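Trainee: Before we start, here is the structure in question, set down as structure tokens.
Each value in this text was obtained by applying a stated rule to the coordinates, not by laboratory testing. Since this is a predicted model, take the numbers as computed values, not measurements. As a convention, Cβ positions derive from the backbone with ideal geometry for all residues, glycine included, and neighbour counts pool all protein chains shown.
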Amino acid sequence: STRKEIREIAQKYSDAGVSHIVALRGDPALGDLQFKPHQGGYSGSVDLIKGLREIDDFEITAAVYPEQHPESRGIQSDMDYLKRKCDAGAVRFITQFFFDNDCFFRFCDSVRGSGIAVPIVPGILPITNFEQIARFSANCGATIPTSIAKKFEAASAEPSEVRKIALDIAGEQCLKLLSSGVSQLHFYTLNRADLVSAICRVLGIIVCSAAEPISVVRS
């Protein structure tokens with residue numbers, strides 16, 4: 001989209017009372033290996049964040065990749081770019097999904113070591129279709145541990161068994177994150193809110209409000 005189109009959309013959000021925006025650069029166009037900005041559009045997420053802040057004092061969340069972005073030029077380059085996002089107006093980061101919590105904590109250590117103090121919310125993706133998620137993971141650089149792959153390979157095609165495995169894996173991952181001090185979670189539902197609701201029930205998590213869906217408390 002062009003800058004003009006995005007500004008018009010953002011202005012409508014502002015007029016409607018929207019105060020929190022997740023600002024993402026977007027994916028490459030179909031058939032392109034790398035992202036190419038629209039001729040009249042924003043060059044990337046930093047430019048987009050700056051543009052949104054010119055519209056209104058939005059609370060802006062941006063994206064980060066615990067296992068590095070596919071176009072990453074290295075960890076130091078990544079940290080420099082995250083600082084630029086913060087300087088542009090981002091006040092929170094949500095991570096790309098991951099399945100190895102150690103990757104998340106190592107990434108957080110790198111971010112904090114670079115002097116970046118904004119909250120980092122882990123992105124959780126329950127695996128409802130293993131082949132589909134394997135493709136997603138290959139495209140974005142997220143590693144699927146062998147132990148998880150084996151569980152789905154050994155599972156039958158029965159939907160109830162697949163759902164149980166997905167629930168167990170995501171539930172265990174979330175529980176370990178929460179017990180390690182994480183206070184917020186972001187779920188990629190893929191239109192399966194029922195599974196996310198089940199995970200929350202298992203963990204005793206209550207979603208606080210529709211306005212802040214990533215804020216959670218343990219009951």
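Trainee: How large is the helix-only mean residue ellipticity at 222 nm for the chain, computed as the sum of -39500 (n - 2.57) over DSSP H runs with n ≥ 4, divided by its residue count, in deg cm²/dmol to the nearest 500?
Mentor: Details: 8 runs with 103 residues, N = 219.
Value at 222 nm, helices only: -15000 deg cm²/dmol.
Trainee: What are the principal axis extents of the Cα atoms in the range 121-214, in Å, biggest first?
Mentor: Its Cα atoms span 36, 29, 25 Å along the three principal axes.
Trainee: Also, I was wondering about something else. Can you tally the net charge around Cys140? Count Lys and Arg as +1, Asp and Glu as -1, for every other residue whose Cβ sits under 15 Å from the Cβ of Cys140.
Mentor: On the way: positive: Arg25, Arg135; negative: Asp27, Glu67, Glu71, Asp78, Asp100.
Cβ neighbours under 15 Å give a net charge of -3.
Trainee: On the principal axes of its Cα set, how long, how wide and how thick is the chain? Give whole Å, largest value first.
Mentor: Per principal axis, max minus min of the Cα coordinates gives 50, 39, 35 Å.
Trainee: Treat every Asp and Glu Cβ in the chain as -1 and every Lys and Arg Cβ as +1, leave all other atoms uncharged, and give the resulting dipole magnitude about the Cα centre to the nearest 20 debye. Write down the numbers at each step before the final one.
Mentor: Numbers: 24 positive and 26 negative charges, 32 e Å.
It comes to approximately 160 debye.
Trainee: Points 7 angstrom from Cα along the Cβ direction at Arg84 and Gln39: gap in nanometres?
Mentor: So the label points at Arg84 and Gln39 sit 2.4 nm apart.
Trainee: Right, next: Which lysines have a Cα lying under 28 Å from the Cα of Lys12, excluding residues fewer than 8 positions away in the same chain?
Mentor: Reachable lysines: Lys4, Lys36, Lys50, Lys85.
Trainee: Return an integer: the convex hull volume of the alpha-carbon atoms of the range 50-100, in Å³ per residue.
Mentor: Details: hull volume 4.3 nm³, N = 51.
Per residue, the Cα convex hull of the range 50-100 comes to 85 Å³.
Trainee: To make sure I understand the rule: partners must be lysines, Cα under 30 Å from the Cα of Lys151, and not fewer than 8 residues away in the same chain. Which ones qualify?
Mentor: Lys164, Lys176
Trainee: Give me the percent of DSSP beta bridges within the chain that run antiparallel, rounded to the nearest 5.
Mentor: 25 percent
Trainee: Considering only the other residues whose Cβ falls under 14 Å of the Cβ of Ser110, what net charge follows from Lys and Arg at +1 and Asp and Glu at -1?
Mentor: That works out to -2.
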